[in-house]
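Quick note: the coordinates plus some simple rules give every number you see, no bench work behind them. Just so you know, these numbers come straight off a predicted model, no measurement behind them. Cβ sites come from the backbone with ideal geometry, for glycine too, and all protein chains shown count toward neighbours.
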Amino acid sequence: MRIARAHVLVGVDEEARLAGVDRVLSAFREAIRNAGLEGEVQVVETGTLGVSGRGVVLVVYPEGVYYAGVTPEDVPVIVEEHLLKGRPVERLRLPAAVPQTEPRQVLGRQVRVVLRNCGVIDPEEIEEYIAAGGYEALGKALTEMSPDEVIEEIKRSGLRGRGGAGFPTGVKWEAVRRASGQEKYVICNADEGEPGTFKDRLILEGDPHKLIEGMIIAGYAVGARKGYVYIRGEYQLSIARMQKAISQAREYGLLGDDILGSGFSFDLEVRPGAGAYVCGEETSLIESLEGKRGWPRIRPPYPVTCGLWGKPTVVNNVETLANVPEILRQGADWYRTLGTPTCPGTKVYTLLGHVRYPGLVEVEMGTPLRTLVYELGGGVPEGRTLKAVLVGGAAGAFLSPQDLDVRMDFDSLREMAAALGSGAVLVMDESACIVDMLASVLRFFRHESCGQCTPCRAGTDALVRLIEAVRRGEGDGRTLGLMTEIVETMRLASLCPLGQSVALPVTTALTHFRDEFEAHLAGEPCPRCHKLERALR
Amino acid sequence: MEKLEIVRRFPRKRDQLLAILHELQRANPRNYLTGEDLRLVAEYLDLPLSAVHDAVTFYSMFSLVPRGKHIIRLCDSPPCHLAGAWSLLSALKEELGIDVGQTTEDGLFTLELTSCLGVCGVAPAMMIDDEVYGNLTPERLKEILARYREEG
Ligand SMILES: Cc1cc2nc3c(=O)[nH]c(=O)nc-3n(C[C@H](O)[C@H](O)[C@H](O)COP(=O)(O)O)c2cc1C
Ligand code: SF4
Ligand code: FES
Ligand code: FES
């Protein structure tokens, strides 16, 4: 950024766009001109500021004052009062419980590693990324480290895959490095389809170069010359930003032949998906990338030996790769100071539903769920009570208020038969009905089952019918047992983890909220369901 | 002719299949892929027609039948459901006079349900073509549709 007295950082993402951010931006430029503040105050378009559901959000530095719900009419007031007279406009300020802070530092209890630059730099300017320490890690890797040393460092850091399964990244890279063959690939999984998850989109929109840097380093470590970013087809802005970032990186010699004079060559391309949740599963994604329907492959062999075009392939999630540059820059020892011994680092969550401050947060691994819901989310709205939290998306677990002390990391959640998944945290107060929510989850799975194998195709269909029966009060004593049997069969016999994972929401809902299911079986259908029924018919 | 130009902008590699199909569909005012489109792509990428057909039918963003000028895709996943997406569905059906999967008689809108669009921060949400609309209420819905109707 150029030297200016003040910066106005305006978050530009899908949400802001639909709230009319373009008009706010032009109003700013005009108001600043009118006030004669050009050169003194700079307006910077940036990625998400990590606040959701509050329209156009912006932050004025150096004070770090956040404004939300800003309209073009508010702009002259902000310029006049805050930028000219130095008096923040209280009416538009975010409430105190929302993390307010300075760039690149701790936001409340947030620790920003992955999102360090999001909302701080202009994602369309590679120079800003570089000024913020970007591509330093790449330089270090290419000039000071051998590929084996890079892998060793990532292994030492304890980084585990953020795509849901928590597989150790260094181990995966090593397997690809060791696999025989000259031709290898790196794929970034940006298919992000888990309901309630949009962290990867915000990284793609807010800091695309971090991902590019992570991918080049991965390529160097495993011996690949080519990488693909598979982005879901609905993410138009992400696709555009990524493509722009890739061409900038090429112009700067950071992609292409002989990167930074190291002799290492690597290039990247973007490929769009076309609307299929199952394509987030890595073998299905590979099929899709090859221009086929996205049917999961039978494993083994695994992509690390037989992936894209049958060649050894690393598939990593966006957030996983976005951790890599910071690990190399600051070292594995530093990384291990964050999080827990078995799950170092941070995790990005999307906090949604009945919380006061929904949005994106990044905290250390192992942070209790209670902290997420109450401190960062501000708790359920005044006068309501917490009923349930669906952790990990549709393929996640329904947790009850007694479970709030669980630490959010791969191992702690697994211990209580839940899963961290994609990091979606959907909070429900007493107005939500668990039967109704589980029905929504099951409709999702029925819609997204790829139909390749019978347990999942027939199972998801049967589950929707059964839960609808429960909802209508038409089930009997056997209905819930039958649902349990079906998901158990699916868990054991489905071909891919999609079918296997349906057991988690079903069994956790049935265990923790048994009463509610039985009440539905016994009673009359509720008014809410009547309406619902009509809508869904 | 024009279509050939679209196709030719892409390298002749099979992994370009979805990207090409997206562009062809976008170029069609009725938002779908014609038999001719599929043949063109098959020939260009040197694939059997059945392989192209197979892929097209798999992905929810593609259609083989004519759709409306604008595709309304209402998110139906749990976070949007919790925020009241189902009441929007009734409102949409009523306002448009069609069911999910159908197209209005004037050919302006097709109504579809979709899984999470990744904008749950503003649930309940929908997309109309490439635009995202969030924090929807039945009233806002009406305003939005009116705007599209005005523009035609
Ligand atoms: C149905 C299904 C959907 C998935 N969706 C995604 C996704 O959207 N993004 C993702 O990174 N991983 C997803 N995964 C996990 C991937 O298969 C894979 O484990 C992951 O991309 C590996 O990257 P990581 O090691 O960095 O986590 C999904 C898995 C399944 C079974
Ligand atoms: S488990 Fe479901 S999604 Fe996976 S292959 Fe079988 S049918 Fe397809
Ligand atoms: S489905 Fe539970 S109250 Fe209607
Ligand atoms: S659940 Fe509707 S956009 Fe995510």
Sorted peptide list for A:365-378, A:468-481, A:315-328, criterion being average Cβ within 10 angstrom, highest first: A:315-328, A:365-378, A:468-481
What distance in nm separates the two pseudo spin-label positions at B:R9 and A:Q243, each 7 Å out from Cα along the beta-carbon direction? 0.7 nm
Antiparallel DSSP beta bridges within chain A, as percent of all bridges there, nearest 5: 50 percent
Using a basic spin-label model with each label point 7 Å from the Cα along Cα→Cβ, how many nm lie between A:R17 and A:S180? 4.8 nm
Once phi is turned into ³J(HN,Hα) by the Karplus curve 6.51 cos²θ - 1.76 cosθ + 1.60 with θ = phi - 60°, what whole-Hz value does each residue of the stretch A:12-25 show in order, with x for glycine and proline? 10, 9, 4, 4, 5, 4, 7, 8, x, 5, 4, 5, 5, 5
Pairwise Lys count, chain B - Cα closer than 30 Å, eight or more residues apart or different chains: 5
Spelling out what I want: for every residue of the stretch A:446-452, take phi, set θ = phi - 60°, compute 6.51 cos²θ - 1.76 cosθ + 1.60 (Karplus), and round to whole Hz; glycine and proline get x. 4, 5, 9, 4, 7, x, 6
With Cα coordinates, the longest principal axis of chain B makes an angle with the long axis of helix B:35-45, in degrees rounded to 10, of 50 degrees
For A:L404 and A:R156 in one chain, what is 0.36 nm times their gap in residues minus the Cα-Cα distance, to one decimal in nm? 86.2 nm
Go ahead and set up a Gaussian network model of chain B, Cα springs under 10 Å, then flag whichever of B:P48, B:P124, B:P79 fluctuates most. B:P48
Using the crude model of +1 on Lys and Arg Cβ and -1 on Asp and Glu Cβ, and no other charge, please compute the dipole size for the protein assembly as shown relative to its Cα centre, in debye to 20. 800 debye
Proximal lysines relative to A:K199, as straight alpha-carbon distance under 30 Å, when same-chain residues fewer than 8 apart are discounted: A:K140, A:K155, A:K172, A:K184, A:K210, A:K226, A:K244, A:K292, A:K311, A:K347, A:K387
Using only Cα atoms and rounding to the nearest 10 degrees, what angle (0 to 90) does helix B:17-27 make with the longest principal axis of chain B? 60 degrees
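Dipole size in debye (nearest 20) for the stretch A:284-410 around its Cα centre, Lys and Arg Cβ +1, Asp and Glu Cβ -1? It would help to have the intermediate numbers written out before the result.
Details: 13 positive and 12 negative charges, 92 e Å.
Charge dipole of the stretch A:284-410: 440 debye, to the nearest 20.
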Under the Karplus curve 6.51 cos²θ - 1.76 cosθ + 1.60, θ = phi - 60°, whole-Hz ³J(HN,Hα) for the stretch A:507-516, x wherever Gly or Pro sits: 5, 5, 5, 5, 6, 7, 10, 3, 3, 5
Label chain A by shape, choosing from rounded, prolate and oblate, from the square roots a ≥ b ≥ c of the eigenvalues of the Cα gyration tensor; if a/c is under 1.5 it is rounded, and otherwise prolate applies when a/b is larger than b/c, oblate when it is not. oblate
Among A:L92, A:F266, A:P325, the residue whose Cα sits farthest towards the positive end of the charge dipole of chain A, when +1 is placed on the Cβ of each Lys and Arg and -1 on the Cβ of each Asp and Glu, is A:F266
Just add up the charged neighbours of A:S284: K/R +1, D/E -1, any other residue whose Cβ is under 12 Å from the Cβ of A:S284. -2
